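A.B. asks: Next up is a structure, given as structure tokens.
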Amino acid sequence: MPHSPTQARRVLAGFAFASLGNGLTLPFLYVYMAQVQDLGSSTAGWMFAWMGLVGLAAAPGVGALLDRFGPRAVLIAALIVESVSIGSLGFVDGTVPTMAVLAGVVVGASPLWPGTTTLLAGMVSAEDRERAYGFAFLGLNAGIGVGGLVSAFLIDVARPETFQVLYLCDAVAYLVYAAVLAFLVRSPARAGEDEADNPAGGSWGEVLRDRRAVALVACGVLAVTFGYGQLEAGATAYAVDVAGVPATALGWAFAANAAVIVCGQVILLRLTSRWRRTTALACAVLTWSLAWSVLAAADLMPVAGAIAAVVVGLAIFGLGETLWAPIVTGLANTIAPDHLRGRYNASLGLTLTLGQILGPALAGSLIGSGLGHLWAVVVIGGTLTAGLVLTRLRFLLTAAEDGAPEAETLREPVQVAGD
């Protein structure tokens, strides 16, 4: 972001570095628990369910803390918790100790995206927020992609110490982001109502009384359940178990997905900058419907064609991702009052958590029961439905909130302390 404040650039750089560390370990968590710790596939699966439940329970508290203490302080504390937890993961043994450490990992990670987006909202002007969120999402995916490639050359299931090294490197990456926030970033000046008028930072009741926020969360859960929630569970299971694609080909598919996001993020945001937000979000979800249609066709092709369909399908899915993450976050921050901004951002994290619990459960029940083709019909129909519902969201928004080109809005630049 060449015209962004220095403080925002530092936040984006720190967040990207933390994502790089996350990429070292994220793709291999299942392998580590199931094979290295020898917990077995079933127990490892329950561990992921446990992480989802902890994330679900943590979301309301995250929003309250962000509004009460500010995103910078919450992020620093969360990054320390995350660093200690992820660094310990390589040295624990047994189901209960692993559950305890994973709970710390989830609690530490829960504020990272909502906290970062809340912090950025106070550092850039309203019209630049979606671009800032786009760069944050780009950094997230680039970091995870590069980290995954590096760790793929380093891990060895027969040598647990290789995983321990990676988890320690991940811990250091989180501490680097914490250090950036502690020493190089200042909290943005508070705008809006005087803090004395909102000593507790507002309440979730205020969020629930906002029909726009409730509708956005409902649309988000629907979209994520049939979209994001299927990416790592349903899509991979369909490709391998139904279409007969070799598991090794999935690496190419996810690489194509990440490449589209990294290369297309800025371009697509620029091309859609004059669109209504609800139109862009609907197009993102409809793009996911197209992606699942291409993926579903893999079962009708020989192996080479099936591999191509899976790779192309996940690449198309990446196009939708480049629109969804920054724009839905931008919309949430547009409708959020300053004293509730943390809760509004945390509610988006809640949609992701719910969708990633419901999505894999749906995929597992259908594909696991031999109903892979029904799964394809359900997720294609679900994303189509979500896209249509999102177009109706505009009737709850003003033209300015929806980003309509014809809207005449007055945006005052936010003054950043020390910048």
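A.B. asks: Please verify whether region 370-383 includes one or more residues that are of a type in the set (Ser, Thr, Tyr), in a helix (DSSP H, G or I) and open to solvent by less than 50 Å² (accessible area, probe 1.4 Å). Spell out the reasoning first.
C.D. replies: If we filter region 370-383 for residues that are of a type in the set (Ser, Thr, Tyr), which is where we start, we get 383.
Now restrict to residues that are in a helix (DSSP H, G or I): 383.
Filter once more, keeping what is open to solvent by less than 50 Å² (accessible area, probe 1.4 Å): 383.
Within region 370-383 (the criterion being of a type in the set (Ser, Thr, Tyr), in a helix (DSSP H, G or I) and open to solvent by less than 50 Å² (accessible area, probe 1.4 Å)), the answer is yes, since at least one residue qualifies.
A.B. asks: While we're here: Would you mention how many residues in region 110-167 are in a loop (DSSP other than H, G, I, E, B), over 20 Å from the mean Cα position of the chain (by Cα) and among the polar types (S, T, N, Q)?
C.D. replies: Initially, region 110-167 is screened for residues in a loop (DSSP other than H, G, I, E, B), giving 110-111, 122-125, 155-159.
With over 20 Å from the mean Cα position of the chain (by Cα) added as a condition, the list becomes 122-125, 155-159.
Next, from what is left, pick out any that are among the polar types (S, T, N, Q): 125.
Residues that pass the stated criteria total 1.
A.B. asks: Hey, another quick one. Quick one: ALA152 ticks every box in (1) farther than 26 Å from ILE327 by Cα; (2) small (Gly, Ala, Ser); (3) touching an Asp or Glu at 6+ places or on another chain (Cβ under 9 Å) bar one, so which box is it?
C.D. replies: Among (1) farther than 26 Å from ILE327 by Cα; (2) small (Gly, Ala, Ser); (3) touching an Asp or Glu at 6+ places or on another chain (Cβ under 9 Å), ALA152 violates only (3).
A.B. asks: Just to be sure before I move on: is GLY318 within 19 Å of GLN265 (Cα to Cα) and in contact with a Lys or Arg (Cβ under 9 Å, 6 or more places away or on another chain) in the structure I sent?
C.D. replies: Against the criterion (within 19 Å of GLN265 (Cα to Cα) and in contact with a Lys or Arg (Cβ under 9 Å, 6 or more places away or on another chain)), GLY318 does not qualify.
A.B. asks: Filter region 124-155 down to residues that are open to solvent by less than 60 Å² (accessible area, probe 1.4 Å) and among the acidic types (Asp, Glu) and give me whichever is nearest to ALA259 (Cα to Cα).
C.D. replies: The selected residue is GLU130.
A.B. asks: I would also like to ask the following. Could you tell me which residue of region 258-305 is modelled with the lowest pLDDT, considering only residues that are open to solvent by 40 Å² or more (accessible area, probe 1.4 Å), among the β-branched types (Val, Ile, Thr) and under 15 Å from ALA315 (Cβ atoms)?
C.D. replies: Here the answer is VAL262.
A.B. asks: Report yes if ALA255 is within 18 Å of the chain's Cα centre (by Cα), surrounded by fewer than 19 Cβ atoms within 10 Å (Cβ to Cβ) and in contact (Cβ under 8 Å) with a residue 12 or more places away in the chain, otherwise no.
C.D. replies: On the way: within 18 Å of the chain's Cα centre (by Cα): yes; surrounded by fewer than 19 Cβ atoms within 10 Å (Cβ to Cβ): yes; in contact (Cβ under 8 Å) with a residue 12 or more places away in the chain: yes.
The answer is yes for ALA255.
The values are calculated or read from the model by the stated rules, or taken from the named source; none is laboratory data. All of these numbers come straight from a predicted model, not from anything done at the bench. A quick note on method: Cβ atoms are made from the backbone with ideal geometry, for glycine too, and the neighbour counts reach across all protein chains shown. These accessible areas exclude ligands, DNA and RNA; they are computed on the full protein's heavy atoms, side chains included. Shrake-Rupley method; radii C 1.70, N 1.55, O 1.52, S 1.80 Å.
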